[in-house]
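Report on one structure; see the data block that follows.
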Amino acid sequence: MSLPVSPADPAATAPPAQVADVIVVGAGPGGSATAAWLAKAGLDVVLLEKATFPRDKICGDGLTPRAVRELISLGVDTDVTAGWQRNRGLRILGSGHHLQLDWPDVAAFPPYGMVRRREDLDEVLARHAQACGATLLERHNVTGPILDDTGRAVGVNVKLMDERGRATGEKAAFRAPVIVAADGVSSRMAIAMGREKREDRPMGVAVRAYFECRRATDDFMESWLELWTTDDHGNRILMPGYGWIFGAGEGLANVGLGILDTSEAFGKTDYKDVMKRWVAQMPAEYGISAESMRGEIRGAALPMAFNRQPAYDRGLLLVGDSGGMVNPFNGEGIDYALQSGRVAADVIAQALARETPAERERVLRSYTTILKDSLGGYFMIGSQFAKLIGHPEVMRLATKYGLPRTTLMKFMLKLMANLPEERGGRFDDRLIHLMTRIVPKA
Ligand SMILES: Cc1cc2nc3c(=O)[nH]c(=O)nc-3n(C[C@H](O)[C@H](O)[C@H](O)COP(=O)(O)OP(=O)(O)OC[C@H]3O[C@@H](n4cnc5c(N)ncnc54)[C@H](O)[C@@H]3O)c2cc1C
C-alpha cells in the first residue's frame, strides 16, 4: 500500500494523515468482509481495529446457511478440516414438544449451518481480508471522523493502543474519499455523524457463556422457546425470545438467550439470572450446569431492523451492527454484516470508478436503496413479529399450537432464518417474497 503524506487537515490536531482509497473502521465480520471485497476489487483499503486478534466477541457463534453462503462467496475455506463445526438444521423445544428440522432444501443456500467461536471466526476473517490485500492495522482505536468544511467525512482520527487495550498516547490520522463504519452496535462513527438509534425499531439483549459438556458437537443447533421470568407480583411471564445451545467444538457449547425489548418485562429483568435458572433445569445428560461453565455469563445488545439510518450519507457507509442490521426474527447479525459488507464494497468500487464527484455521490447513495430493497420489507415483517410476541399470551399460544404443526414450522424456519429459494421456488418461497415486497420498507 502507498501511504503518501497529505496536507494536514486544519480541523484535526492529529499528525499528517495517511491516505487510502477506503478506510474501514472495525474488523468484525462486517468490516473484514467489506475490506476483503474492496481489496479483491483492486482498491487500496485500510482496515482499522482497536483490539488485537485473537479477541473475544459476545455472541452465540451460530452461522445459518445464509451466513455460510456469504463466507463461501468471500472465498473462505469452510471445510470441516479448517476447524468449522457443521450442522444440518434446528432442533426446537417448547410446550412439551420437540421438533428437529433440516435447513431448507433450496438451491440458493448451502444445506448446512456452522458454529465457530468468534475468537476464531473474527481472526479468520481479518486474516482473510489481509490475504486479499487489505492493510489491517490492529490496536488502532478510531476516535472520530475528520470532516471537511461541508460536514463530509474525509478521514478518521486514531489513538494507538497497547496489547492490554490501554492508550499509548500516540495518535494517527487516515484520509480517504469513502469511509465505512463497521464498528459494531455502539458505532462511535455513526453517532459522530448524527445517526442516532431509532426508537421505533426493536432492540434485543442477549447473554451467553461457554460450557464444557457433551453438547460440544451436535448435528443440530438447539433452540428453547420457553424462557420464564416473574413480574413484580410473582406471576410467571413467558419472555419474548429464545435460548440456544450451539455445539462449538473443542469440548465447548455456546449457551445463551436473547430477549426482545417488546415486552413489559424488558429492562426489569435480570437476564443472567434467567439464564442461570434455565441452565439449572436442563436435562442432566446435557452436562450443562453451573459447574461446567467456563468463564462468565456476558451480555450485549442486538440492534435490529436498520435502527440507524441512512445507511449512506456524507461520505460514510454503515455496515452490520453499526447500521442496526440484526434480524428481528432470530437475532442473527453475522450474515447481515457479511452481506452489507459485500454490497457496500461493490457500491464503493463502482462509485470510485466514476469520473465526477456528483456521479460518485449518486452511486454511493444507491447503497441505502439496495439494502432497503433487499432487506427492508423483511425487517419490517420481523419488527411486527417482534411486537406480536412481546405479548406473553401470543407467545404462549404460538408455542403451544405452532410447534406440533411440522409444515407450519418448516415455513417458519424458512421465514425466520430468511432462507427462501431466490428464483422460482415453491409456494412457501414465493409467499415469503410476496410478503416482503408488499409491506413498507423498514
Ligand atoms: C449474546 C449475543 C449472541 C449473538 N448470537 C449470534 C449468533 O449466534 N449468530 C449471529 O449471526 N449473530 C449473533 N449475534 C449478533 C452478532 O454478534 C452481531 O450482529 C455481529 O457481530 C455484527 O458484526 P459487525 O461486524 O457489524 O460488528 P462487531 O462484530 O461488533 O465488530 C465490530 C468491530 O469493530 C471494532 N471497533 C469498535 N469500535 C472501534 C473503534 N472505535 N475503532 C476501531 N475498531 C472498533 C470492535 O473491536 C469489533 O472488532 C449475537 C449477539 C449477541 C450480543
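The values are calculated or read from the model by the stated rules, or taken from the named source; none is laboratory data. Worth saying up front: this structure is predicted, and the values here are computed from it rather than measured. We place every Cβ from the backbone using ideal geometry, glycine too, and count neighbours over all the protein chains shown. Ligands, DNA and RNA are stripped out before the accessible areas are found, and what is left, the full protein with its side chains, is counted by its heavy atoms. Shrake-Rupley method; radii C 1.70, N 1.55, O 1.52, S 1.80 Å.
So here's what we get for this one:
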| item | result |
| --- | --- |
| The listed residue being at negative phi and in a loop (DSSP other than H, G, I, E, B), out of 360, 354 | 354 |
| Residue that is surrounded by the fewest Cβ atoms within 10 Å (Cβ to Cβ), among those in the stretch 225-247 that are small (Gly, Ala, Ser) and under 23 Å from residue 65 (Cα atoms) | 247 |
| One residue from 373, 335 being surrounded by fewer than 16 Cβ atoms within 10 Å (Cβ to Cβ) and under 22 Å from the mean Cα position of the chain (by Cα) | 373 |
| Among residues of the stretch 380-428, those that are over 26 Å from residue 229 (Cα atoms), part of a helix (DSSP H, G or I) and either open to solvent by 20 Å² or more (accessible area, probe 1.4 Å) or in contact with a Leu (Cβ under 6 Å, 6 or more places away or on another chain) (or both), counted | 9 |
| Close pairs from the stretch 326-345: first part of a helix (DSSP H, G or I) and more than 8 Å from the ligand (Cβ to nearest atom), partner of a type outside the set (Phe, Trp, Tyr) and open to solvent by 20 Å² or more (accessible area, probe 1.4 Å), Cβ under 6 Å, at least 6 apart | 343/370 |
| Filter result for the condition that a residue is within 30 Å of residue 90 (Cβ to Cβ), within 14 Å of the ligand (Cβ to nearest atom) and in contact (Cβ under 8 Å) with a residue 12 or more places away in the chain, over 189, 203, 239 | 203 |
| Scope the stretch 161-186; condition open to solvent by 10 Å² or more (accessible area, probe 1.4 Å), within 11 Å of the ligand (Cβ to nearest atom) and modelled with pLDDT of 95 or more; matching residues | 161, 182, 183, 184, 185, 186 |
| Counted residues, the stretch 304-322 - those being open to solvent by less than 10 Å² (accessible area, probe 1.4 Å) and within 8 Å of the ligand (Cβ to nearest atom) | 3 |
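For every residue, the table says whether it meets (1) among the acidic types (Asp, Glu); (2) surrounded by fewer than 18 Cβ atoms within 10 Å (Cβ to Cβ); (3) within 21 Å of the chain's Cα centre (by Cα).
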position: 196; (1), (2), (3): yes, yes, yes
position: 205; (1), (2), (3): no, no, yes
position: 223; (1), (2), (3): no, no, yes
position: 251; (1), (2), (3): no, yes, no
position: 270; (1), (2), (3): yes, yes, no
position: 274; (1), (2), (3): no, no, no
position: 284; (1), (2), (3): no, yes, no
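One line per residue, one yes/no per condition, for (1) among the hydroxyl-bearing types (Ser, Thr, Tyr); (2) at pLDDT below 95; (3) within 12 Å of the ligand (Cβ to nearest atom):
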site	(1), (2), (3)
21	no, no, no
33	no, no, yes
44	no, no, no
54	no, no, yes
61	no, no, yes
86	no, no, no
97	no, yes, no
104	no, no, no
127	no, no, no
